[in-house]
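Undergrad: If you scroll down you'll find the structure; I have some questions about it.
What follows draws every value from the coordinates through simple rules; no lab data is involved. Predicted, not measured: the structure shown is a model, and the values here were computed from it. Here Cβ is always computed from backbone atoms with ideal geometry, including for glycine, and neighbour counts include all displayed protein chains.
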C-alpha cells in the first residue's frame, strides 16, 4: 500500500528537457510554454531539468522559453539517454526538491522514462494529454486526454500523491516565443558518475532516414485519407504537396496501404500537427485523425461527400472528385 505524502511539502512545476546530440527537443520547448502558464497560476517557479553532455550552454535558451531555473546534469555518461541512469538522477532530485508537477514529452524517450519515474516515485502519470490545467481551489494538476477511441475526453487528477505527472505529445502545445531578456538561475549538479556502473551500454546510434522536415514541424501539410482510393491518386496528391512546398501527411488507412511511412501518420496513433496550412484529400473526419490536426491554422478540405464530418472544421471546403479537383489545382499552381 502506497504511503500518503504531505502534499503541502511539494511546490513547483518541472519540465524534463530531453536532448539529442546536445540540442533540446522541440516538444520540451513547447512544454516550457505550457509549464510557464501552469507555474504562474500556482505562483511557483518553473524549473527545466536537462541531462546530457556539454549541454550547460543550453540553459540560457531554456530560460528564454520560460524557465525560472534550470537544473543541469552535465556529464559524459549522460550523453545518450539510458533509462537506468536518467531515472536514478531525476527521481533523486525530485525526492530532494519536491516539485508538485512534473511534465515530460510523449516522445520515444518520454514514454520510456515517465512510467519508470512514476513507479519509482509512487506517483500517478497521465499519458498523451491534450490539455493541462490547474484547479486552483484544490491546488490540483488537471490532465485531459482522449479515451474510449477518442469518443470522450477524460479529466484525470492525482489528489494524494506527488509529484503529479503527465506526458504530452509533440505538437499539442503551442511553442512560446523566446524572450532573450529573461533571467533565471542555473543549478549545476555535481555528479560522481562512472560508465562502468551503468548496466546498459550503447554500442552505436543510427538515425532513421526521413525525407523532408518532421511532419509535426511542417508549416504546410497535404494529407491523404481513405477517400483517395488508390496509389495513383496518392502520387497525384504528392505532386500537389511538392508544388505547395508541403509535407505529405496521412490517416492510418494510407499508412496501412503502405503509401507512406508511419512517421507521416496524423492522429491519435500518429503525430499531432499545427501547420499554417492543412489540405485534407479524401479524409472523412473521424476523430482518430482530427484529434491530431485540429490545431491547424487554415484547413482546406476536398471530399466528394458533402456531409463528411471534416467539413465542419474546414475554413474552405471543396465538394467533388479528387481525380478532377487535384489536377485542376496542380495546373493552376504550375501556371503561376
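Undergrad: Could you compute how fast the chain diffuses translationally, taking Rh as the Kirkwood radius over C-alpha pairs and applying Stokes-Einstein at 10 °C with viscosity 1.306 mPa s? Give it in µm² per second. Kindly include the intermediate steps, with their values, before the conclusion.
TA: Details: Rh = 21.5 Å.
Rounded, D is 74 µm²/s.
Undergrad: A follow-up question, please. Only bridges with both residues in the chain count here: give the DSSP antiparallel percent, nearest 5.
TA: Working: 12 of 58 bridges.
Restricted to the chain, the bridges split so that about 20 percent are antiparallel.
Undergrad: So how long is each side of segment 33-146 along the principal axes, counting just the alpha-carbon atoms, biggest first, in Å?
TA: Dimensions of segment 33-146 along the principal axes of its Cα atoms: 44, 30, 27 Å.
Undergrad: Take residue 276 and residue 226, extend 7 Å from each Cα along the Cα→Cβ direction, and tell me the distance between the two endpoints in nm.
TA: Placing both labels 7 Å along Cα→Cβ, they lie 3.4 nm apart.
Undergrad: Follow-up question, since we're still on this one. Sorted by mean Cβ packing within 10 Å, highest first, what order do the peptides 28-39, 152-163 take? Kindly include the intermediate steps, with their values, before the conclusion.
TA: Numbers: 28-39: 23.2, 152-163: 16.2.
Highest-to-lowest ranking by the protection proxy: 28-39, 152-163.
Undergrad: Also, quick follow-up: On full extension of the chain, what length is gained from residue 242 through residue 192, given 0.36 nm per residue of separation minus the C-alpha to C-alpha distance? The partial results should precede the final answer.
TA: Values: separation 50, 0.36 × 50 = 18.00 nm, distance 5.12 nm.
Value of the extension gain: 12.9 nm.
Undergrad: Among 87, 167, 251, which one moves the most in a GNM of the chain with springs linking Cα atoms closer than 10 Å?
TA: So, out of 87, 167, 251, the one fluctuating most is 87.
Undergrad: Still on this structure, please answer the following. Set the Förster radius R0 to 45 Å, insert the Cβ-Cβ distance between residue 207 and residue 323 as r into 1/(1 + (r/R0)^6), and round the FRET efficiency to 0.05.
TA: On the way: r = 38 Å, r/R0 = 0.84.
It comes to 0.75.
Undergrad: Please give, to one decimal in nm, the separation of the simple spin-label points placed at residue 144 and residue 56, each 7 Å out from Cα toward the Cβ.
TA: That separation, rounded to one decimal, is 4.2 nm.
Undergrad: Using the alpha-carbon atoms, what tilt in degrees (0 to 90, nearest 10) does helix 322-335 show relative to the longest principal axis of the chain?
TA: That helix lies at roughly 80 degrees to the long axis.
Undergrad: Just 279, 300, 17 to compare: in a GNM of the chain, with alpha carbon springs under 10 Å, which one fluctuates most?
TA: Of the options given, 300 has the highest mean-square fluctuation.
Undergrad: Normalised by the empirical 2.2 N^0.38 Å for globular proteins, what value does the Cα Rg of segment 7-197 take? If you can, show how the numbers build up before the last one.
TA: Details: Rg = 15.6 Å, N = 191, 2.2 N^0.38 = 16.2 Å.
In units of the globular-protein estimate, segment 7-197 measures up at 0.96.
Undergrad: Sort segment 1-81 into rounded, prolate or oblate with this rule: let a ≥ b ≥ c be the square roots of the eigenvalues of the Cα gyration tensor; rounded if a/c is under 1.5, and if a/c is not under 1.5, prolate when a/b is larger than b/c, oblate otherwise. Intermediate values should be presented prior to the final figure.
TA: Details: a/c = 2.36, a/b = 1.43, b/c = 1.66.
In terms of gyration-tensor shape, oblate.
Undergrad: At residue 111 and residue 155, where each label point lies 7 Å from the Cα along Cα→Cβ, what is the point-to-point distance in nanometres?
TA: A separation of 2.8 nm, rounded to one decimal place.
Undergrad: Okay, next question. Could you give the distance between the Cα centres of segment 140-202 and segment 50-129, to the whole Å?
TA: 7
Undergrad: Under the classification rounded if a/c is under 1.5, otherwise prolate if a/b is larger than b/c and oblate if not, where does segment 63-121 fall, given a ≥ b ≥ c as square roots of the Cα gyration tensor eigenvalues? Walk me through the intermediate numbers first.
TA: Values: a/c = 1.29, a/b = 1.14, b/c = 1.13.
Here segment 63-121 falls in the rounded category.
Undergrad: Here's another thing I want to ask about it. Over the alpha-carbon set of segment 198-291, work out the extent along each principal axis and list the three values in angstrom, largest first.
TA: Its Cα atoms span 50, 28, 26 Å along the three principal axes.
Undergrad: Given the rule -39500 (n - 2.57) for each run of at least 4 DSSP H residues, summed and divided by the residues of the chain, what is its mean residue ellipticity at 222 nm, to the nearest 500 deg cm²/dmol?
TA: Working: 8 runs with 88 residues, N = 336.
Per the formula, -8000 deg cm²/dmol.
Undergrad: For the chain, take the longest principal axis of its alpha carbons; what is the angle in degrees between that and the long axis of helix 83-97, to the nearest 10 within 0 to 90?
TA: With both axes taken from Cα atoms, the answer is about 60 degrees.
Undergrad: For a protection proxy built on the mean count of beta-carbon atoms within 10 angstrom, sort 108-119, 45-56 highest first, please.
TA: On the way: 108-119: 18.0, 45-56: 22.4.
Per-residue mean Cβ counts within 10 Å order the peptides as 45-56, 108-119.
Undergrad: Helix 108-121 sits at what angle to the longest principal axis of the chain, using alpha carbons and giving 0 to 90 degrees rounded to 10?
TA: Once rounded, one gets 40 degrees.
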